[in-house]
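Chemist: Before I ask anything, let me first share the structure, which is written out below as structure tokens.
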């Protein structure tokens with residue numbers, strides 16, 4: 001927290017009342033260990049995401065995204081999704097982002113996309129190979145508070 005910030009005293013007071021230290025000692029050890037190469041990992045995330053977004057944004061037939069599952073590799077059965085729009089700071093808000101970005105910083109690892117056939121969105125989401133619990137929670141919050 002910025003001690004010179006407008007709401008510092010309110011945040012600090014709330015923090016003092018509400019904060020509960022639940023960090024287990026082994027968690028602290030792994031957090032420290034994983035932070036040792038954070039800069040290298042952040043640079044790799046920036047570079048990889050930029051390469052992916054460049055590829056998606058430069059495809060001549062509208063962007064194309066092909067997802068394979070391990071089982072699909074053997075069957076040579078890819079899922080092909082055409083991407084209508086990609087949202088990534090380098091393409092959508094470069095001037096704003098560059099004005100606050102550090103000289104060696106990147107555009108981050110977060111990007112969004114819109115499929116040309118929006119009816120394939122559930123199939124696309126189901127074929128992403130990562131934990132989706134938090135995403136579902138944020139989708140719920142977004143729809144709950146936007147209506």
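Chemist: Among the residues that make up region 40-54, is at least one of them at pLDDT 85 or above, closer than 13 Å to residue 111 by Cβ, surrounded by 12 or more Cβ atoms within 10 Å (Cβ to Cβ) and touching a helix residue (DSSP H, G or I) at 6+ places or on another chain (Cβ under 8 Å)?
Modeler: yes
Chemist: A follow-up question, please. Just for region 105-128: of the residues that are under 15 Å from the mean Cα position of the chain (by Cα), loosely packed, with under 13 Cβ neighbours inside 10 Å and at pLDDT 85 or above, which one is nearest to residue 38 (Cα to Cα)?
Modeler: The selected residue is 110.
Chemist: Same structure again: Residues being part of a helix (DSSP H, G or I) and free of Cβ contacts under 8 Å to residues at least 60 places away in the same chain: count how many of those fall in region 1-52.
Modeler: Count: 31.
Chemist: Sticking with this structure for a sec: Return the pair list, or none, for Cβ contacts closer than 7 Å from residues in region 93-104 that are within 20 Å of residue 39 (Cβ to Cβ) to residues that are modelled with pLDDT of 85 or more and surrounded by 10 or more Cβ atoms within 10 Å (Cβ to Cβ), at least 6 apart or on different chains.
Modeler: 97/89; 97/107
Chemist: Let me ask something additional. Give region 76-103 a look and list any residue that's within 19 Å of residue 53 (Cβ to Cβ), surrounded by fewer than 12 Cβ atoms within 10 Å (Cβ to Cβ) and at pLDDT below 85, or say none.
Modeler: 80
The values are calculated or read from the model by the stated rules, or taken from the named source; none is laboratory data. The structure presented is a predicted model; accordingly, all values stated were derived computationally and were not measured. FYI the Cβ positions are ideal-geometry reconstructions off the backbone, even for glycines, and counts take in every protein chain you see.
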